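Visitor: I have a structure here, written as structure tokens, and I will follow up with some questions on it.
The values are calculated or read from the model by the stated rules, or taken from the named source; none is laboratory data. In this text, all values refer to a predicted model and were calculated from it rather than measured experimentally. All Cβ positions, glycine included, derive from the backbone under ideal geometry; neighbour counts span all protein chains shown.
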Amino acid sequence: MFTMQQQDALAGLFMSRCEQIVPSLSELTGHTVLLEVPRIRLQPLAQLPDTLSELADNDVAAVHQVLAGPLASDALLVLNLRKAVALTNLLSADRPSLPKLDASDREALTEVANNLINACLGALSDLLHNPIAFAVPHLRLISLSGLLHSLAISEDDRHDGLVLTVDFLLRESTLRSYLIVVLDSVATNRLLEAVELAR
């Protein structure tokens, strides 16, 4: 539902915020982290299965935050679970690789995801000229179908998803993540109005 010009403007806004967290991510991981310019789309929530099709038939790691303020909703950062495990093994190169996430891995993954979510929410706050409050994030390990089912909304209510596809490079490995902000019709209209005013 964004024009190409709007997508480019939003990508620049989100990228400027993401670049601010690159030093902290690099310090956190102990390695240089590079972020690609995010790809952005606004779509009906029912289209999420198509957008996340590359994750189909896979378990995912989803870091979830409840939002309050102008976008009272939910934000989730979703990664392929196998790649999330590979990422945490890269973060802990001084130990043998593990086949699954242990407690310290979950904490590290949540912190990395939290940095990225907060950067993107900061960009939305700038765009809306209104702060967005959020709760403590929590990590869920779940099937993609289970995650999508948990986001199911009554057909009587129109909900959209603001979806950012963010790739970051760490030690020659690329990890794709999806940041999803669930929006009701009021929040969608508020976002579209803010994007139009920012042009």
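Visitor: Sort through Gly30, Gly69 and tell me the only one that's touching a Pro at 6+ places or on another chain (Cβ under 8 Å), at positive phi and at pLDDT below 90. Spell out how you get there, then give the answer.
Guide: Working: Gly30 fails: touching a Pro at 6+ places or on another chain (Cβ under 8 Å).
Result of the check over Gly30, Gly69: Gly69.
Visitor: Just a yes or no: is a residue in the stretch 91-109 touching a Pro at 6+ places or on another chain (Cβ under 7 Å) and at pLDDT 80 or above?
Guide: No, the conditions are met nowhere in the stretch 91-109.
Visitor: Give the residues of the stretch 33-50 that are in contact (Cβ under 8 Å) with a residue 24 or more places away in the chain and not in a strand (DSSP E or B), sorted by residue number.
Guide: Let us first name the residues in the stretch 33-50 that are in contact (Cβ under 8 Å) with a residue 24 or more places away in the chain, namely 33-45, 47-49.
Across the stretch 33-50, the qualifying residues are Glu36, Val37, Pro38, Leu45, Gln47, Leu48, Pro49.
Visitor: Continuing with the same structure: Please specify each residue of the stretch 147-168 satisfying the condition of being within 17 Å of the chain's Cα centre (by Cα) and modelled with pLDDT of 85 or more.
Guide: The first filter runs over the stretch 147-168 and keeps only residues within 17 Å of the chain's Cα centre (by Cα), leaving 147-148, 150-151, 160-168.
Within the stretch 147-168, Leu147, Leu148, Ser150, Asp160, Gly161, Leu162, Val163, Leu164, Thr165, Val166, Asp167 meet the criteria.
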